[in-house]
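Enquirer: Below is a structure I'd like to ask you about.
Values quoted throughout were computed directly from the atomic coordinates according to the rules given, and no laboratory measurement underlies them. Bear in mind the structure is a predicted one, so any value in this text is a computation, not a measurement. All Cβ positions, even for glycine, are placed from backbone atoms using ideal geometry, and neighbour counts span all protein chains on display.
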Amino acid sequence: MSKKYQFELPFDVDLNQHVKKQYPEIRSFRTISKSLDARGAPRGRKPVYLYILDALTGKDDAYLEAEKLPRFSSLEKKPIIIGAGPGGLFCAVRLAEQGVSSLIIERGEDASKRMLRIAKFWRYGELDPETNVCYGAGGAGLYSDGKLITRIKSELVSYVMEKFVMFGAPPETAYESNPHLGSNKIRTIITQISQWLKDQNCEIRYNTKLEKILTDGNRVIGVKLSTGEEIFSDHVVLATGHSAQDIYEHLQEIHVAMKAKDFAVGVRIEHSRRYIDELQHGKFREAPDMGSARYRLSWHDKWTDHGVYSFCMCPGGYVLSSGTEKEGIVVNGMSNYARNSPWSNSALVVSVKTETDLEDKDLMAGLRFQHDIEKKAFNLSKEKATGRELPAMTVKEFMDGKLNDKPLPVTSSPSGIFKADIRKIFPEFVIQHLKKGLEHFNRDIPGFVAEEALLIAPETRTSAPLTILRDKMTLVSISHEGLYPCGEGAGYAGGITSAGVDGVKCALSILEKEFGYKETK
């Protein structure tokens, strides 16, 4: 019979040997969950893994095969998916698994060619406005970090993880609590997904931009592309990501229902990896199985109702320039699968309340707020460098409120950095909350506010400042039948995994509408 086992195990003890010795009744098992608890490591307590196993103990039992999904005939008018990020790709994967091929429209290049354009941008500052860190196959997650961390509760999370494994992710991706593919591995996986979709009679058009959503009254009937071609469909999935401002402007023009939402802006903080490993893992930092240390920090100012928190922590990673406009600077973080660069970084961001923090109250005010910060950063770079380098100061300088004469530490950023008072880029409330947050984080992790730590600015694209409103059950736009707002850009996801889950949910909605199919799990 099948039985669940849950236990702690020191990080350096072999799981198979432990199970064989302690649980002789187990004939075979699979790991459902594995998470590291290293909270006591700085005080000398050995880190432990928390395991949950699904084990077989009976003689004749066997794991049931995965339930086969019913297949349907492809639709005469293929669903059109705008955007080949995780939301769009997983929507297409689920439809194809059940026999429905789709057409994917992507404004940028495929995964293999994107890197050439991006490398030129990092090295020379030559931005391609259509193929960059945010636009192209795989979306923004392709060159961020490949982290599959998510806080959403959905049975579809395991489906998405299993699909990643199917397309080449390491097997532990399916059960580790915070799986990480790394930017190098996820590029290969996205290529595998794209090829599989083509093998299922799906069509992917790269370097093709959505020009217009075609409507008949309040019903979406298709799209017009940058090529001038018009393609008609009863289902248009909008999975364009959080950086496509022109999409929001077009949706406003055709009166698609949207509302402003809160978001966050801030900086990247960068330490040496060895230093963070020591703060988090103590004497166990050199152990071969420990890997690069992570942290997650948050503080809420109850008087102002603003949060300050870490986001997209990249152990053994790099700080990257990731803007989409020629006169704007944005930073992000990434790490490869090995997480072995000499640096570790994370976003530190402050929540922005649309009702109280923005002077303007119109729908696009949040976008303008983000872009104003990005342009100030670019102008500072043009003034003191070439416009390519990223503005930075040490944490000590930020906390002291002034620059000193010391040179900046060496950074991971391939674009380079220059010394500047980054406080000039942000509104005062962001600066003050960030300062208070750092004070609290230094209590949570003593030594976090280190003299050699860098603050690199600005991190502005943590999420979209808008939500494209949709029905909670059908996921269809509340104003336009046939339009499925999907993923981060629509305001319904916050990372690779949650965007993938949202894409699957949109696919299931289409299958239910067309064939009456309803997921029973």
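Enquirer: Working out 0.36 nm times the residue gap between residue 246 and residue 472, then minus their Cα-Cα distance, what length gain in nm do you get to one decimal?
Expert: Fully extending the segment from residue 246 to residue 472 adds 78.8 nm.
Enquirer: What order do you get for 503-514, 314-325 when each peptide is scored by the mean count of other beta carbon atoms within 10 Å, highest first?
Expert: Sorting 503-514, 314-325 by mean packing, highest first, produces 314-325, 503-514.
Enquirer: Now, a different point. For n ≥ 4 DSSP H runs only, could you compute -39500 (n - 2.57) per run for the chain, divide by its residues and tell me the 222 nm figure to the nearest 500?
Expert: -9000 deg cm²/dmol, from helical runs alone.
Enquirer: Further question: Once the dipole of region 262-459 is set up with Lys and Arg at +1 and Asp and Glu at -1 on Cβ about the Cα centre, which of 322, 335, 348 lies farthest towards its positive end?
Expert: 335
Enquirer: Give me the percent relative contact order of region 175-233, please, defined on Cα pairs under 8 angstrom at least 6 residues apart.
Expert: 19 percent
Enquirer: Once the Cβ-Cβ distance between residue 325 and residue 386 is put in as r, and R0 is 22 Å, what FRET efficiency do you end up with, to the nearest 0.05?
Expert: 0.85
Enquirer: Continuing with this model, one more query. Charges on Cβ only, +1 for Lys and Arg, -1 for Asp and Glu, centred on the Cα centroid of the chain; of 492, 434, 264, which one is farthest towards the dipole's positive end?
Expert: After comparing all options, I get 434.
Enquirer: A further question on this structure: With charges only on Cβ, +1 for K and R and -1 for D and E, what is the dipole size of the chain about its Cα centre, in debye, rounded to 20?
Expert: Roughly 1120 debye for the chain.
Enquirer: Rounded to the nearest 0.05, what FRET efficiency do residue 301 and residue 69 have when you use their Cβ-Cβ distance and R0 = 51 Å?
Expert: With a Förster radius of 51 Å, E is 0.60.
Enquirer: Sticking with this structure for a sec: Of 365, 291, 453, which is farthest on the positive side of the dipole of region 262-459, counting Cα position, with +1 on Lys and Arg Cβ, -1 on Asp and Glu Cβ, and the Cα centre as origin?
Expert: Highest projection toward the positive end goes to 291.
Enquirer: Would you compute, for the Cα atoms of the chain, the largest minus smallest coordinate along each principal axis and list the three values in descending order, in whole Å?
Expert: 68, 66, 45
Enquirer: Please report how far the C-alpha centroid of region 361-391 lies from that of region 446-521, rounded to the nearest whole angstrom.
Expert: Going from one Cα centre to the other spans 25 Å.
Enquirer: Moving on to the next point. What ranking, highest mean first, results for peptides 84-96, 260-272, 35-47 when packing means the other Cβ atoms within 10 Å averaged over each residue?
Expert: 84-96, 260-272, 35-47
Enquirer: Just grab the label-to-label distance for residue 408 and residue 355, each label 7 Å out from Cα along the Cβ direction, in nm (one decimal).
Expert: For the pair residue 408/residue 355, the computed spacing is 3.8 nm.
Enquirer: Could you compute the net charge surrounding residue 53? Neighbours are other residues with a C-beta less than 10 Å from the C-beta of residue 53; K and R count +1, D and E count -1.
Expert: +3
Enquirer: I'd like the FRET efficiency for residue 4 and residue 399, computed as 1/(1 + (r/R0)^6) with the beta carbon distance as r and R0 of 30 Å, rounded to 0.05.
Expert: Rounded to the nearest 0.05, the efficiency is 0.05.
Enquirer: Just the number: Rg to Rh for region 262-459, Cα atoms, Kirkwood Rh, two decimals.
Expert: 0.96
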